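Remarks on the structure that follows.
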Amino acid sequence: MGMLHLNVLCTFKNGSAGVLAKRLKDSAETVVIGGGCVGVSLAYHLAKAGQKDVVLLEKSELTAGSTWHAAGLTTYYHPGINLKKIHYYSIKLFEQLEAETGQAVGFHQPGSIRLASTPVRVDELKYQMTRTHWHPTPQFLIGPEKIQQLFPLLNMDKVLTGLYNPGDGHIDPYSLTMALAAGARMYGAQIYYPASVTGLTPTADGRWDVQTPHGTIRANRIVNATGSATPTRQTTPPHDRPHLFVRPHPHTLDHTHTIDYTCLLGHTPIFSFCLLGLLFGPYEKEEKMKLQDSWIRDGVPPGFGKELFESDLDRIMDHVERAIEMVPVLKNADIINIVSGPITYTPDLLPMIGPHQGARNYWTAIGFGYGIIHSGGVGKFLSDWIVSGEPPYDLIECDPNRYAHWTSVPYLCAKARESYGFNNVVGYPKEERFAGRPTNRVSGVYELLKDRCSMGFHAGWEQPHYFHKPGDDSGYKPSFRRTNWFGPVGRECKLVMEGVGVIDLSPFGKIIVKGEDSHRLLDRLFANTLPKVGQTNISHMLTPRGRVYAEVTVTQTAPGEFLLITGSGSELHDLRWIEREVCDGGYAVSVCNVTDELGVLGVAGPKSRAVLQKLTDEDMSDTAFRFLHCRSMQLAGVPLRAIRISYTGDADRYTLVMPIDRTHMNCDTNPLEAGLDYFIKLSKPAEFIGKQALLEIKAQGLSRRLAFLTLHTDDIDPEGNESVWHDGEVVGNTTSGSYSYSTQQSLAFSYLPLHLTHAGQTVEVELLGQKYLATVTPEPLVLTEPARTRLQKKQRSV
């Protein structure tokens with residue numbers, strides 16, 4: 001595969017390129033900028049979906065940049081959840097693309113094995129299997145005997161188990177891109193190269209003027225798919241990654257038809273076999289990875305297209321030695337070629353896919369460290385979103401708006417290096433990554449708390465996860481099971497349940513909407529009725545299909561002025577949705593993101609009211625400050641806005657807003673199956689977004705509901721996305737889970753078929769390869785504080 005791949009890369013011909021100067025129209029529905037496999041895939045999918053005027057502009061030649069020198073490995077495997085759908089679609093597309101377009105793609109699917117040589121790596125594979133059963137992905141845990149059968153050349157001395165994906169393989173990136181281009185043209189898209197973009201100018205009506213040396217195209221929307229040529233401010237620092245092509249002696253090639261590629265987790269030698277030899281592409285250690293500093297500082301050099309970097313075998317010699325240990329026949333192999341070309345990495349390893357907040361009709365498809373396998377699925381995902389107006393499924397982890405002003409160049413570089421290195425480490429749950437922290441997003445209590453607690457990272461903010469006491473086993477110690485955080489977190493739960501706790505909630509997104517049309521706008525956006533002045537409620541923004549786009553706390557602070565509080569990871573995601581509706585509807589309002597200007601503290605527990613009363617002259621009694629109300633006040637001389645609200649049902653919780661998570665519901669769920677009926681006012685006069693879709697869903701009836709599960713485990717707890725079994729079949733998945741310190745058992749939420757959601761129904765939740773009995777429970781297991789007080793009074797009176 002490697003040699004064939006490299007030979008064909010020099011056969012570009014400009015004869016097939018469209019001539020932009022001869023284009024008769026000066027407008028387009030969509031202009032895609034960038035002719036790598038991702039950009040061409042999007043053009044193909046948009047045209048196939050029926051969009052009539054799709055234009056792709058490539059400054060050099062198709063596949064220039066990172067696509068042409070990619071290894072072309074394709075796999076169903078992904079450690080995340082939503083991106084499994086991207087991989088699955090890509091492979092299914094690759095399987096039929098040649099028949100559809102008449103263009104060969106060089107796709108081979110012998111399968112792959114990921115090897116584990118330590119107990120913790122075995123746990124990692126079991127963890128991934130647990131999260132895969134409810135997907136259609138073919139994936140199996142196999143033992144040493146089966147591994148040896150599939151890959152006879154492998155040294156089995158340290159191999160404990162393997163994760164086998166039949167159907168994995170490799171594809172020629174050049175041929176794939178040409179096939180997608182042929183399909184795009186077949187369906188009506190126009191592809192031009194060389195056609196550089198020299199400028200982009202937004203117009204007053206939300207369109208874009210795309211300047212080229214041949215003239216200007218006015219586009220209804222633009223999509224940045226420029227790959228390694230993306231400006232660094234887009235959070236994709238470029239660096240080079242080496243791989244080499246070797247040729248073992250002929251007698252060693254007899255068995256290579258049985259397995260396509262293998263990688264050893266923790267050491268990342270990745271092998272791909274073909275008739276001529278073996279492609280070997282490791283990820284060097286993060287301290288050896290080479291960032292293109294000049295590109296970060298000055299941008300990609302003009303004219304850079306298919307060039308490579310100077311070979312540097314020393315950077316990967318430890319991996320070469322490990323590869324020889326794994327496959328001893330490599331000791332006498334000849335190195336045919338070494339390839340080192342640019343790829344991009346975002347700070348968290350995930351690409352940036354979707355529309356940008358603050359730049360209307362500007363979309364991105366950039367930051368792909370694994371662009372070949374992502375290309376098909378991302379093209380389909382973005383095409384569906386552009387055509388229908390909403391994402392086809394939840395992919396918020398790839399939302400480009402997860403980064404903002406706090407992502408400085410030093411932060412990007414530190415995180416890109418760290419993320420590259422994470423190709424070599426165990427992928428734990430509840431993972432923390434420390435490079436580049438803290439950013440400039442710290443709350444007013446950060447300096448007071450930073451040495452006393454374990455900090456977590458949320459949208460650029462540092463936020464305490466749990467506090468240390470003398471004698472605690474502190475520090476970050478990740479595990480697939482309960483680890484050193486388990487005791488301290490239990491201690492804090494007890495403190496809040498029985499006394500009072502103060503929680504730094506400053507990472508919450510805060511948005512102020514005000515103006516003469518604020519009521520009309522928010523009535524259109526939210527499915528709940530709007531709160532009165534001085535009151536608050538929980539509301540949901542829905543998509544046109546009736547799916548949950550966001551959950552927001554809405555407070556009317558003054559006539560026509562509203563404070564919206566959303567999750568830390570949803571700040572710009574939600575702001576973009578609001579701004580889009582403002583522009584489309586022509587509302588006379590101002591929308592202001594005040595997340596960095598307002599800090600938030602949560603005060604919770606049965607003693608919270610007494611603590612706050614000591615700090616103010618305001619009457620904090622239950623009758624004076626009622627539940628779901630807000631007021632402006634001073635606390636210890638600090639002016640703030642206090643909101644009495646609880647997300648658990650306890651009345652004694654106060655959110656203090658002062659100057660300075662989306663697991664059960666998302667674009668894959670509707671609010672009725674999520675049990676949000678109370679917050680959805682289908683009878684309100686306003687025609688809110690998604691109302692008609694919800695009425696149709698309600699009339700048709702539900703096929704599943706969110707169920708509350710209890711289960712007894714040993715030293716492991718559910719966290720979400722685990723497979724749920726019944727009678728030997730997968731019937732659903734958990735959405736979240738944790739240990740309950742109050743009831744001393746594990747709890748989880750899961751979407752289940754309706755016939756399995758009645759109280760007392762038993763199912764099984766799979767954790768690290770073992771199935772644990774779980775019971776559907778209809779009511780919360782812990783009473784709220786007012787209910788506990790009433791029960792205690794009743795018991796004393798008996």
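The values are calculated or read from the model by the stated rules, or taken from the named source; none is laboratory data. The shown structure was predicted, so the numbers you read here are calculated from the model rather than taken from an experiment. Here the Cβ positions follow ideal geometry from the backbone for every residue, glycine too, while neighbour counts run over all protein chains shown.
Computed values, structure above
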{"read-out": "Extreme residue, nearest to residue 578 (Cα to Cα), among residues of region 673-715 that are assigned to a loop (DSSP other than H, G, I, E, B) and of a type in the set (Ser, Thr, Tyr)", "value": "683"}
{"read-out": "Filtered residues of region 524-542 (kept if farther than 22 Å from residue 673 by Cα, in a strand (DSSP E or B) and of a type in the set (A, V, I, L, M))", "value": "533"}
{"read-out": "Among (1) surrounded by 19 or more Cβ atoms within 10 Å (Cβ to Cβ); (2) within 23 Å of residue 465 (Cβ to Cβ); (3) modelled with pLDDT of 95 or more - the single one residue 438 does not satisfy", "value": "(1)"}
{"read-out": "Scope region 407-434; condition more than 28 Å from residue 717 (Cβ to Cβ), surrounded by 16 or more Cβ atoms within 10 Å (Cβ to Cβ) and of a type in the set (A, V, I, L, M, F, W, C); matching residues", "value": "412, 413, 414, 416"}
{"read-out": "Candidate set: region 488-506, residues that are among the aliphatic types (A, V, I, L, M) and more than 14 Å from residue 646 (Cβ to Cβ); chosen: the one surrounded by the most Cβ atoms within 10 Å (Cβ to Cβ)", "value": "489"}
{"read-out": "Wholly within region 307-421, strands (runs of 3 or more DSSP E) carrying at least 3 residues that are farther than 29 Å from residue 151 by Cβ and at pLDDT 90 or above", "value": "352-355, 362-366"}
{"read-out": "Check on residue 456, closer than 20 Å to residue 476 by Cβ, within 20 Å of the chain's Cα centre (by Cα) and outside any helix (DSSP H, G or I)", "value": "yes"}
{"read-out": "Number of positions in region 712-737 that are more than 15 Å from residue 129 (Cα to Cα) and out of contact with any Gly (no Cβ under 9 Å at 6 or more places or on another chain)", "value": "8"}
{"read-out": "Failed item in (1) farther than 25 Å from residue 624 by Cα; (2) hydrophobic (A, V, I, L, M, F, W, C); (3) under 31 Å from the mean Cα position of the chain (by Cα), with residue 562 passing the rest", "value": "(1)"}
{"read-out": "Test result for residue 466, part of a strand (DSSP E or B) and in contact with a Cys (Cβ under 7 Å, 6 or more places away or on another chain)", "value": "yes"}
{"read-out": "Only listed residue being modelled with pLDDT of 95 or more, surrounded by fewer than 18 Cβ atoms within 10 Å (Cβ to Cβ) and not charged (D, E, K, R), chosen from 529, 536", "value": "529"}
{"read-out": "Residue within region 252-260 that is closer than 30 Å to residue 148 by Cβ, out of contact with any strand residue (DSSP E or B) (no Cβ under 9 Å at 6 or more places or on another chain) and either modelled with pLDDT of 70 or more or of a type in the set (Asp, Glu) (or both) present", "value": "yes"}
{"read-out": "Some residue of region 56-65 being more than 19 Å from residue 187 (Cβ to Cβ), in contact with a helix residue (DSSP H, G or I) (Cβ under 7 Å, 6 or more places away or on another chain) and assigned by TED's automatic domain parsing to the domain that holds residue 130", "value": "yes"}
{"read-out": "Candidates 324, 316, filtered to the one that is over 30 Å from residue 59 (Cα atoms), β-branched (Val, Ile, Thr) and in contact with a Leu (Cβ under 6 Å, 6 or more places away or on another chain)", "value": "324"}
{"read-out": "Long-range neighbours under 7 Å by Cβ, at least six apart or interchain, first residue farther than 18 Å from residue 32 by Cβ within region 383-398, second of a type outside the set (A, V, I, L, M, F, W, C) and modelled with pLDDT of 95 or more", "value": "389/544; 390/543; 390/544; 390/545; 392/384; 393/85; 396/573"}
{"read-out": "Criterion violated by residue 711 - all others in (1) surrounded by 19 or more Cβ atoms within 10 Å (Cβ to Cβ); (2) under 24 Å from the mean Cα position of the chain (by Cα) satisfied", "value": "(2)"}
{"read-out": "Where residue 428 falls short, out of the listed (1) closer than 24 Å to residue 284 by Cβ; (2) assigned to a loop (DSSP other than H, G, I, E, B); (3) at pLDDT below 90", "value": "(3)"}
{"read-out": "Which numbered condition residue 498 fails, given (1) closer than 22 Å to residue 347 by Cβ; (2) out of contact with any strand residue (DSSP E or B) (no Cβ under 8 Å at 6 or more places or on another chain); (3) of a type in the set (D, E, K, R)", "value": "(1)"}
{"read-out": "For residue 652: the one exception among (1) surrounded by fewer than 15 Cβ atoms within 10 Å (Cβ to Cβ); (2) more than 30 Å from residue 521 (Cα to Cα); (3) at pLDDT below 90", "value": "(1)"}
{"read-out": "Complete set of residues in region 77-105 that are over 18 Å from residue 353 (Cα atoms), at pLDDT 95 or above and hydroxyl-bearing (Ser, Thr, Tyr)", "value": "101"}
{"read-out": "Odd one out for residue 445 among (1) hydrophobic (A, V, I, L, M, F, W, C); (2) at negative phi; (3) touching a helix residue (DSSP H, G or I) at 6+ places or on another chain (Cβ under 8 Å)", "value": "(3)"}
{"read-out": "Filter result (among the small types (Gly, Ala, Ser) and either surrounded by 17 or more Cβ atoms within 10 Å (Cβ to Cβ) or not in a loop (DSSP other than H, G, I, E, B) (or both)) within region 578-630", "value": "585, 590, 599, 602, 604, 605, 608, 610"}
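Residues checked against (1) modelled with pLDDT of 90 or more; (2) over 30 Å from the mean Cα position of the chain (by Cα); (3) small (Gly, Ala, Ser); (4) surrounded by fewer than 22 Cβ atoms within 10 Å (Cβ to Cβ):
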residue	(1), (2), (3), (4)
198	yes, yes, no, yes
202	yes, no, no, yes
207	yes, no, no, yes
216	yes, yes, no, yes
220	yes, no, no, yes
225	yes, no, yes, no
229	no, no, yes, no
234	no, no, no, yes
237	no, no, no, no
